[in-house]
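J.: Sharing a structure here in structure tokens format.
The values are calculated or read from the model by the stated rules, or taken from the named source; none is laboratory data. All of these numbers come straight from a predicted model, not from anything done at the bench. Glycine gets a Cβ as well: all are built from the backbone with ideal geometry, and neighbour counts include every protein chain shown. The protein model used for the area step is the full one, side chains on, heavy atoms only, and it has no ligands, DNA or RNA in it. Shrake-Rupley method; radii C 1.70, N 1.55, O 1.52, S 1.80 Å.
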Amino acid sequence: MERFIRGEVPAHLKRPLATLQPIIARAGKPTVDIDRLAREVAGIARVLPAIEVQSPQHWTESVLNLGDEVDAILPVSVPAYTTEAWNSHPEALVQRGIPLIFWPLMDVDEPDFWRWSARDMLEALGIKVHLVASLAAGKSLLRALGTRRFLKTSRLALFGEQNFPWNATSAGHLVTRSLGTEFDILPLSAFRDRRASYSAATVEATWAERAERFAVGNVRPGELDIALRTYLAIRDILAERKAFGFGVNCYGELITNGGRDVPCLAQALLREDGYIASCDGDFIAMESMVCASIYLDQACMMSNMYPIDYAGALAGHFGDPLSPDETRYARSRWKNLARLGHCAFVGIVPAEMTPTGKVALRDFGGTYEIPRDGRGCGVDSDMRGNERATAIELKFDGKTLIGAGVQVLETSRHDYSHCETTALLEFDDLPKLIENISREHVVILYGDYVDDLAILADVLGLNFIRC
């Protein structure tokens, strides 16, 4: 499900085009039709004018003089005759450090197996080589190269104290070192102090323009006003700092100190503006969301995951284990079943991931420990059921990415004010995910994208765990 984006997206929120430099080794029918390739990857990558190798010296000078905008070299030659410059004079590639991409044979959409030996030799010398299996895999690779460039200069805004395990003050440098994202840690007052600066007319106009994807439930008018002002304030802060996303530490500071000015609606609206947003200020979840929304251009959401087998923990948290109906879901399946739930609802599900294309605005739902009191503006929405999906978790080390296959089964309704709605999911291998899990926050997107995540992990230099 592609992301719903409203209007023009600021440049710092866009994945850059990957830049390819074709280098032609010899005259003859080439393995790759460069003009056709440029058409195929339009919108994902730009293909520079080809360089035709004239001599070993020309090859060496060409490689060494490539600009920093080049993400990969595309070697092009004649099939089966693999006595190219990159094999006879690979030293320039070692010195320059730019990856090579051997593109698939486009007429048959197969990998170019004549490049097996070149790949192995070049990789043995320390050169990164991608032997692409298909056009689809090639496009994913190019998106991954653009995502890597996006992350290198990226920034996130985190509001509130850093007292959860997703503590950017203590652990953010690990992600910065691995992927490049910098973190601006700001007090809650950064957006609270701005809210009064927006006129009633501005707030009313904003809601008139954006209300079509929302159904107003029992949220109080005054609380909706605060939620819209929170959106406007955070939006302006993100624009000023050129941050691609934000999170607020609700349960570490805002809610526990009596506040109910939760940023649920701000999350929903800012995603429509092209930003990424996560509950609880979880910067690792937001980095995981990059894998879905920046890399794959897909809508995604995050929430707490509760394995059904952990009946005691669920009963302690919800007052009920929330066990599924055994007549519909046999106990033999329970080892792979889990629920998604956050603040009495499934989570901040984008409207495009719901059955109706709308989400309901409700009073903030609270938890078993923090009863709801009618204040706040929360988001309640179902997920579409009986569909394949993918779960993503980047780990705190900034070096490990987890991708898991999932089936979204249904959205369940419960008779508790602190737990009205959860989504029931069936993982392909939940025990393996739990064995390697980073935390209870998982990112979910519709579709099978585990193979694509493996490609991204390879480009970003991450260890990939498939669950």
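J.: At least 2 residues that are open to solvent by 10 Å² or more (accessible area, probe 1.4 Å) in each: list the strands (runs of 3 or more DSSP E) lying fully within segment 184-283 that qualify. Break it down into steps so the answer makes sense when it comes.
T.: Values: elements: 214-216, 245-248, 276-278.
Once the strands (runs of 3 or more DSSP E) in segment 184-283 are filtered for at least 2 residues that are open to solvent by 10 Å² or more (accessible area, probe 1.4 Å), what remains is 214-216.
J.: Related question: Could you look through segment 349-371, keep only residues that are open to solvent by less than 10 Å² (accessible area, probe 1.4 Å), in contact with a strand residue (DSSP E or B) (Cβ under 6 Å, 6 or more places away or on another chain) and part of a loop (DSSP other than H, G, I, E, B), and pick out the one that is nearest to Asp225 (Cα to Cα)?
T.: Going through the qualifying residues, I end up with Phe364.
J.: Identify, please: which residue in segment 333-391 is of a type in the set (S, T, N, Q) and under 23 Å from the mean Cα position of the chain (by Cα) and is, among those, modelled with the lowest pLDDT? Please lay out each step first, then the result.
T.: Pass one, segment 333-391, residues of a type in the set (S, T, N, Q): 336, 354, 356, 367, 381, 386, 390.
Adding the requirement that they be under 23 Å from the mean Cα position of the chain (by Cα) leaves 354, 381, 386, 390.
Values: Thr354: 97, Ser381: 93, Asn386: 96, Thr390: 98.
For segment 333-391, the residue satisfying everything is Ser381.
J.: Cβ-Cβ below 6 Å, separation at least six or inter-chain, first residue in segment 56-73 and closer than 15 Å to Gly97 by Cβ, second open to solvent by less than 70 Å² (accessible area, probe 1.4 Å) and among the basic types (Lys, Arg): which pairs?
T.: Listed pairs, sorted by first residue: Val63/Arg96; Leu64/Arg96.
J.: Give segment 171-183 a look and list any residue that's under 18 Å from Lys242 (Cα atoms) and open to solvent by 70 Å² or more (accessible area, probe 1.4 Å), or say none.
T.: Glu182
J.: Please enumerate the residues belonging to segment 325-347 that are open to solvent by less than 50 Å² (accessible area, probe 1.4 Å) and over 30 Å from Gly376 (Cα atoms). Give the derivation first.
T.: So in segment 325-347, the residues open to solvent by less than 50 Å² (accessible area, probe 1.4 Å) come out as 329-330, 334, 336-347.
Of everything in segment 325-347, those that are open to solvent by less than 50 Å² (accessible area, probe 1.4 Å) and over 30 Å from Gly376 (Cα atoms) turn out to be Tyr329, Ala330, Trp334, Asn336, Leu337.
J.: Just give me the residues in segment 109-137 being at pLDDT 95 or above and among the aliphatic types (A, V, I, L, M), in sequence order.
T.: Matches in segment 109-137: Met121, Leu122, Ala124, Leu125, Ile127, Val129, Leu131, Val132, Ala133, Leu135, Ala136, Ala137.
J.: For segment 11-38, which residues satisfy the criterion of being open to solvent by less than 50 Å² (accessible area, probe 1.4 Å), farther than 30 Å from Arg384 by Cα and part of a loop (DSSP other than H, G, I, E, B)?
T.: Pro16, Ala25, Thr31, Val32 - these are the residues of segment 11-38 that are open to solvent by less than 50 Å² (accessible area, probe 1.4 Å), farther than 30 Å from Arg384 by Cα and part of a loop (DSSP other than H, G, I, E, B).
J.: Quick check: is even one residue across segment 399-415 hydroxyl-bearing (Ser, Thr, Tyr), modelled with pLDDT of 95 or more and more than 23 Å from His342 (Cβ to Cβ)? Please lay out each step first, then the result.
T.: From segment 399-415, those hydroxyl-bearing (Ser, Thr, Tyr) are 400, 411-412; that's our starting set.
If we keep only those that are modelled with pLDDT of 95 or more too, we end up with 400, 411-412.
If we keep only those that are more than 23 Å from His342 (Cβ to Cβ) as well, we get 400.
Yes; the residues of segment 399-415 include at least one that is hydroxyl-bearing (Ser, Thr, Tyr), modelled with pLDDT of 95 or more and more than 23 Å from His342 (Cβ to Cβ).
J.: Now for a different question. For residues that are of a type outside the set (A, V, I, L, M), within 21 Å of the chain's Cα centre (by Cα) and surrounded by 18 or more Cβ atoms within 10 Å (Cβ to Cβ), scanning just segment 392-425, find the one that is nearest to Arg328 (Cα to Cα). Reasoning before the result, please.
T.: To start, the set of residues in segment 392-425 that are of a type outside the set (A, V, I, L, M) comprises 393, 395-400, 403, 405, 407, 410-422.
Those still in the list that are within 21 Å of the chain's Cα centre (by Cα) too: 393, 395-400, 403, 405, 407.
Next, only the ones that are surrounded by 18 or more Cβ atoms within 10 Å (Cβ to Cβ) stay: 393, 395-396, 398, 403, 405.
Values: Glu393: 29, Lys395: 34, Phe396: 37, Gly398: 39, Gly403: 27, Gly405: 21 Å.
Checked segment 392-425; the qualifying residue nearest to Arg328 (Cα to Cα) is Gly405.
J.: Out of Glu272, Glu287, Glu326, I need the residue that is over 18 Å from Glu369 (Cα atoms), out of contact with any Cys (no Cβ under 7 Å at 6 or more places or on another chain) and free of Cβ contacts under 8 Å to residues at least 60 places away in the same chain. Which one? If you could, list the steps in order and put the result at the bottom.
T.: Numbers: Glu272 fails: free of Cβ contacts under 8 Å to residues at least 60 places away in the same chain; Glu287 fails: free of Cβ contacts under 8 Å to residues at least 60 places away in the same chain.
The conditions single out Glu326.
J.: Are there any pairs with C-beta distances below 7 angstrom linking a residue in segment 167-188 that is under 13 Å from Ala157 (Cα atoms) to a residue that is open to solvent by 20 Å² or more (accessible area, probe 1.4 Å) and in a helix (DSSP H, G or I), with the two at least 6 apart or on different chains, and if so which?
T.: Within 7 Å, the pairs are Glu182/Thr176; Asp184/Arg241; Ile185/Thr169; Leu188/Glu253.
J.: Tell me the residue from Ala157, Ala144, Ala168 that is crowded, with 19+ Cβ neighbours inside 10 Å, over 23 Å from Ile237 (Cα atoms) and within 20 Å of the chain's Cα centre (by Cα), please. Spell out the reasoning first.
T.: Details: Ala157 fails: over 23 Å from Ile237 (Cα atoms); Ala168 fails: over 23 Å from Ile237 (Cα atoms).
After applying the criteria, what remains is Ala144.
J.: Please state which of the following conditions Trp86 fails to meet, knowing it meets all the rest: (1) within 31 Å of the chain's Cα centre (by Cα); (2) among the aromatic types (Phe, Trp, Tyr); (3) modelled with pLDDT under 95.
T.: Just one mismatch for Trp86, condition (1).
J.: So for segment 335-342 (the condition being outside any loop (DSSP other than H, G, I, E, B) and free of Cβ contacts under 8 Å to residues at least 24 places away in the same chain), does at least one residue qualify?
T.: Going residue by residue through segment 335-342, those that are outside any loop (DSSP other than H, G, I, E, B) are 335-342.
Adding the requirement that they be free of Cβ contacts under 8 Å to residues at least 24 places away in the same chain leaves none.
Looking through segment 335-342, none of the residues is outside any loop (DSSP other than H, G, I, E, B) and free of Cβ contacts under 8 Å to residues at least 24 places away in the same chain.
J.: Would you mind telling me which numbered condition in (1) out of contact with any helix residue (DSSP H, G or I) (no Cβ under 9 Å at 6 or more places or on another chain); (2) among the polar types (S, T, N, Q); (3) under 24 Å from Val442 (Cβ atoms) Asn163 fails?
T.: Status for Asn163: all satisfied but (1).
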